[in-house]
Amino acid sequence: MVITNGPGEGCSTYPLLEQLASGGSLDKQELVDLLSHLGGDLRRQLYDLAHAARIRTYGRAVYLRGLIEFSNICKQNCLYCGLRSGNKSLSRYRLLPEEILNCCREGYALGYRTFVLQSGEDDWYTTEKLVLLIAAVKQLFPDAALTLSIGERDDECYSRLYAAGADRFLLRHETASANLYRSFHPTMEYENRQDRLNALQRIGYQVGAGFMVGLPDQTAADLAEDLLYLQQLQPDMIGIGPFLPHRDTPLKDELPGTVEDTLDMIALARLMVPDALIPATTAMGTAHPNGRERALQAGANVLMPNLSPMAVRAKYMLYNNKICTGDESAQCRFCLEQRVKSAGFHVDMGRGDSLKHLSRSLQEH
């Protein structure tokens, strides 16, 4: 295919990108073709189109979520993750319910109205314990949204947590390539991951999916499958970050994913699922000093500052050199506000529900 000049534009445009930006859809091969041409002016044009799509849907607001990493204990053994059960070098911790509530109290006083409770797959936190914890959070802070990121559980557990007051659930699909998924997840099943996402949607959660960019042996075709899966799933939230190796995993010597490739995926996800909330991840900030700002300018609109106790932050190490492990919560919020402003946006401390959820709520009422 030939790159041609678009009408009235000084730089080259690509027909497939124009098709996508105008609300059209692409098949897998067309996405692969588009990815193979990205670079220079075309990449800049992609980011500009994604930025414009984000402004149309969410304006210049960047929503802050207070992240509480409450346990680094995990029964799974994913090859890329520093929390993997096979990592015997990691100092493990688990916050008790009252410690988690104290983090929420601090966050609420700082203005946060969304809390994200994230952990490894830690079975000590049974359904009963999680129900009591969620009910306590919602009783203390009824106007705050509560997001869970705790991995795979059964339908009964998900339903009870939703009934207790959990609003959202983050469960990255990690990769939509069955072969890649199986090669990196020896203790998990590819089909089960997608089944769990479907279950969360059926129950009524605002659901977040997402994937890593730059995994070993990942191809443009694999990335195209990720984007098409997200378009089919239509999640409320999409988390996309670069693969970053961890020194105590089997992938420790692999090359990391690049910021540029990750920005491409964020921008394409914005065009293909325009109503989604898309975080500028901590991994992006770790990969590049201005990685989060660049993600915001390429279509992202969420940041998740850390509210975890200082004593445990360095132990929740999914990858090497994770940033923001030494910042006080108030300091972290101030820093991010300045970064958001420097990128041309403004902080919104509200619940920040997805447009899909708000539309669904209006229809129900």
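Structure data summary
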| read-out | value |
| --- | --- |
| Dipole of the chain [Lys/Arg +1, Asp/Glu -1 at C-beta], most positive-end residue of Ala199, Thr258, Ser354 | Ser354 |
| Inter-label distance for Ala109 and Ala52, nm, one decimal - labels placed 7 Å from Cα along Cα-to-Cβ | 4.7 nm |
| Residues Thr258 and Ser183, FRET efficiency given R0 of 30 Å [Cβ-Cβ distance, rounded to 0.05] | 0.90 |
| Rounded if a/c under 1.5, otherwise prolate or oblate - the range 217-266, Cα gyration tensor axes | prolate |
| Inverse mean reciprocal Cα-Cα distance (Kirkwood Rh) of the range 90-225, Å | 16.3 Å |
| Long-range lysine pairs (8 or more apart or interchain), the chain, Cα under 30 Å | 20 |
| Length-normalised contact order of the chain in % [C-alpha pairs under 8 Å, at least 6 apart] | 23 percent |
| Long-range HN-HN contacts of Met304 with modeled amide H, under 5 Å | Arg65 |
| Gain in span if fully extended, Asp155 to Ser22, counting 0.36 nm per residue against the direct Cα distance | 44.1 nm |
| HN-Hα J in Hz across the range 260-268 - Karplus 6.51, -1.76, 1.60, θ = phi - 60°, x for Gly and Pro | 4, 5, 5, 4, 4, 5, 4, 5, 5 |
| Accessible surface, the range 156-280, averaged per residue in Å² (probe 1.4 Å) | 33 Å² |
| Accessible area of the range 1-139 belonging to carbon and sulfur atoms, whole % at 1.4 Å probe | 53 percent |
| For the range 59-76, 3J(HN,Hα) per residue [Karplus equation, 6.51 cos²θ - 1.76 cosθ + 1.60, θ = phi - 60°, Hz, x = Gly/Pro] | x, 9, 6, 10, 8, 9, 10, x, 8, 10, 8, 8, 7, 9, 8, 9, 7, 7 |
| Taking the range 224-313 and dividing mean pair separation by its residue count, relative contact order in percent (alpha carbons under 8 Å, at least six apart) | 29 percent |
| For the range 34-95, alpha-carbon Rg over 2.2 N^0.38 Å | 1.89 |
| Portion, in percent, of the accessible area of the range 197-268 that falls on carbon or sulfur, probe 1.4 Å | 48 percent |
| Whole-angstrom gap from the range 92-143 to the range 266-288, using each part's C-alpha centre | 25 Å |
| Accessible surface of the range 285-365 [probe 1.4 Å, protein heavy atoms]: carbon and sulfur percent | 55 percent |
| For the range 1-142, average projected area of the Cα convex hull in nm² | 13.7 nm² |
| Spherically averaged projected area of the chain from its Cα convex hull (nm²) | 17.5 nm² |
| Per residue solvent-accessible surface (Å²) - the range 84-150, probe of 1.4 Å | 41 Å² |
| Computed magnitude of the charge dipole of the chain (debye, nearest 20; Cβ of K, R +1, Cβ of D, E -1) | 960 debye |
| Amide hydrogen neighbours beyond the local backbone of Met237, cut-off 5 Å, H modeled | Val207, Gly208, Ala209, Leu277 |
| Residue-wise HN-Hα coupling along the range 131-140, computed from phi with Karplus coefficients 6.51, -1.76, 1.60 (Hz; x: Gly, Pro) | 4, 5, 5, 4, 4, 5, 4, 6, 5, 6 |
| Cα gyration tensor category, rounded, prolate or oblate, for the range 209-365 with a/c compared to 1.5 | oblate |
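The values are calculated or read from the model by the stated rules, or taken from the named source; none is laboratory data. Bear in mind the structure is a predicted one, so any value in this text is a computation, not a measurement. Methodologically, a virtual Cβ is constructed for each residue, glycine included, from the backbone with ideal geometry; neighbour enumeration extends over all protein chains shown. Side chains included, ligands, DNA and RNA excluded: accessible areas come from the protein's heavy atoms. Shrake-Rupley method; radii C 1.70, N 1.55, O 1.52, S 1.80 Å.
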